[in-house]
Amino acid sequence: MNEVRYNWLMSTMKDLSVQQSFIFNTGKSYSSSSKPEQVLKEVFGYDSFRPLQKKVIQNVLDGRDTLAVLPTGGGKSLCYEIPALLLNGLTVVVSPLIALMQDQVTQLEAVGVPAVFLNSSLDWDSYKNACDRICSGEIRLLYVSPEGLNTERMQNLLHSTRVHVQCITIDEAHCISEWGHDFRPDYMEIASVREQFPHAVCLALTATATKSVRNDIITQLHMDNPDVLIASFNRPNLFLEVKMKNQAPAQVESFLAEHKEESGIVYCFSRKQVDELTSFLQSKGFKAESYHAGLSDSVRSEHQRNFINDKVDVMVATVAFGMGINKPDVRFVIHYDMPKSVEQYYQEIGRAGRDGLPSHALLLYSLGDLHKIRFFFAEKENPENSERLLQGMIHYAESRICRRQMLLSYFGEAYTGQMNEACCCDVCAKGPLPLVDVTIPSQKFMSCIIRTQERYGASYIIDVLQGVKSERIVNNGHEKLSTFAIGKELSKDNWFKLSSALTDAGYLEKTEKYGVLYLTDFGRRVLFDRTEIRLPVEFSKRTALKKNAAAKMTRLVSGYDKELAMKIKAWRRRKADDEDVAPYVIFGDRTLIEIAKAKPHTIEDLVKCYGIGQAKAQKYGSAIIQIVDSLS
């Protein structure tokens, strides 16, 4: 740090900290005597709290350390934003990504709340101005990265006599745990900073944390008798679907054709896959762009900005994309490859439907994905833990029971909803499958397993049955087997379905490590005795799934004036361009739909709509009412 910068920072430490009520751009004043509900409605435009939000907020106001596990889209940010506006000090929010900080600050400023971030993206003048605003008492919310928290410059600021740190919030708190799926060493530094401010309340927030991860977070952060609050992991607006991967680019193309002009993310395993799939989709006329660590910072930023601003519909990305995205109107998430854990999967599908509107999560599953994932296990410090996490994901993907039930069970929650709802998942949408006579194909499958000496997984067995003369099969001499090419009557996808059904029924088992199939004693007995085999498996294409899911989605978003919604959406697009912000910063799709339902003709009516607070009503109200009146 040069001498000029150092002298300026030291000069900020002269005066006592400023204690004052907070005055918003709307002229409203809030202090510790104000009620959280008042701030919720007047600033953010919401009528009621989501589950556990009020309890978390009250804990922070009372000075009690809290670990809150809330699902993605469950309103974690309000849990520290509202207390920050009611407390007489500074709330420091530790956030993992620059893009996430910038987005949150932009949205706060849009509702009239001054907030700042301090990170490497700022030039010196901007950094100095932000620090001046903090020391003057104007700012109540400071966003900083975990690696930036322990720098000398940040330490000097936080320990200034003009700054009173009253709350330390750790977002994505699971990153501090080595037992979690996304451990980040930089998060380990947070504990030492937290100890420097023993009177500041500590709030840890995450969307994904098993019991062991929760315990680790509490230990690492030295939380003092914390209240642990866990909301339901259920996201009822998300439709969960798993398909066996078969001509994956074409599968993605088909899905996107049914979701035209909707915003979505496709996650791929590698940079090469991202580039290849992006080129393929662009050649088919889709507005798609790529995102991965191999692109320059400027290109990544441009692509991310295009996606956020609705200039691109589909972002094809590695897992490097998403944590910093607060876009509420993502309508689908496709996993082109198997995620490494249920935690990773849950967090990534949680980026769809944050506004509560119907959204879709599609996983394309292949045993080949497992080999790619395990190849990197050797580089991990704890490969056994990596394998344990992967097994949870395999169990979910191959399950033949309600996927929502499976997902919630993984996080220790019982599903209290009604099973076999079409809106739930692909398994439930299909309904109970009838028992079908699959004796002949089952005998072929099991015989092939035995003739290949029970040393291979389902994919290899299916290739032998379908007569694929791959180099591996020829080298093994398996093109000479009597079971070679005797299974062309079924598609590869249908053979996989049969394999799963035989495993579920106890005829087959597979090794945990490589998915090698072998016959159980029961399976051998049935095969050699030529006993009839009847299983709940469906080979034919079924269209009820899409029809039922679509019908549910229609019910959830029906009853509004679609012409009015389109006009407001077009206005929102123009206004976002004028202000150089994402359209959802103006307001989200849920607010748009509610306005198109309520058709407000006055400002008083407008503020009754979801997501319209005083600042937005004053700023945009006359334009919205004019659009409504033009169609009356």
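Observations
- With respect to the chain, whose longest principal axis is taken over its alpha-carbon atoms, helix 211-220 is tilted by about 40°.
- Per-residue SASA entry for Cys428, accessible area with 1.4 Å probe, Å² rounded to 10: 10
- Karplus-derived HN-Hα couplings along segment 617-622 (A = 6.51, B = -1.76, C = 1.60, θ = phi - 60°), whole Hz, x at Gly and Pro: 5, 5, 6, 10, x, 4
- The GluC sites (Glu not before Pro) of segment 271-374 include none that meets both criteria, a DSSP state outside H, G, I, E and B (loop) and at most 11 other C-beta atoms within 10 angstrom of the site's C-beta.
- Accessible-area value, Met338, 1.4 Å probe, nucleic acids and ligands omitted, Å²: 10
- Under 20 Å from a label point set 7 Å out along the Cα-to-Cβ vector of Arg524, the amide N atoms of segment 439-457 belong to 442-457.
- When you restrict to C-alpha pairs under 8 Å that are six or more residues apart and normalise by the size of segment 283-368, the relative contact order lands at 27 percent.
- Dipole of segment 137-221, positive direction: furthest Cα of Val213, Leu142, His164, with charges on the beta-carbon: His164
- Accessible surface of segment 260-353, 1.4 Å probe, proportion on carbon and sulfur as whole %: 44
- Within-13-Å neighbourhood charge of Asp578 [Cβ basis; K, R +1; D, E -1]: +2
- Between Lys488 and Gln58, the contour length at 0.36 nm per residue exceeds the alpha carbon distance by 148.4 nm.
- Matching the structure-derived P(r) over Cα pairs in 20 Å bins from 0, in percent against the labelled list (1) 17, 48, 27, 8, 0; (2) 20, 56, 23, 1; (3) 16, 42, 31, 10, 1 gives the label (1).
- The phi torsions of segment 104-115, fed into the Karplus equation with coefficients 6.51, -1.76 and 1.60 and a -60° offset, translate into couplings of 5, 5, 4, 5, 5, 4, 5, 9, x, 10, x, 8 Hz, rounded to whole numbers, with Gly and Pro shown as x.
- Ile625, Ile82, reordered so the largest accessible area comes first (probe 1.4 Å): Ile625, Ile82
- Under a 5 Å amide H cut-off, with hydrogens placed 1.01 Å from N, Cys425 pairs with Leu240 among residues at least 5 apart or on other chains.
The values are calculated or read from the model by the stated rules, or taken from the named source; none is laboratory data. Everything quoted here is computed from the prediction, not taken from an experiment. In this analysis, Cβ positions are derived from the backbone assuming ideal geometry, glycine residues included, and neighbour counts consider all displayed protein chains. We work out accessible area using only protein heavy atoms, side chains counted, and drop any ligands, DNA or RNA first. Shrake-Rupley method; radii C 1.70, N 1.55, O 1.52, S 1.80 Å.
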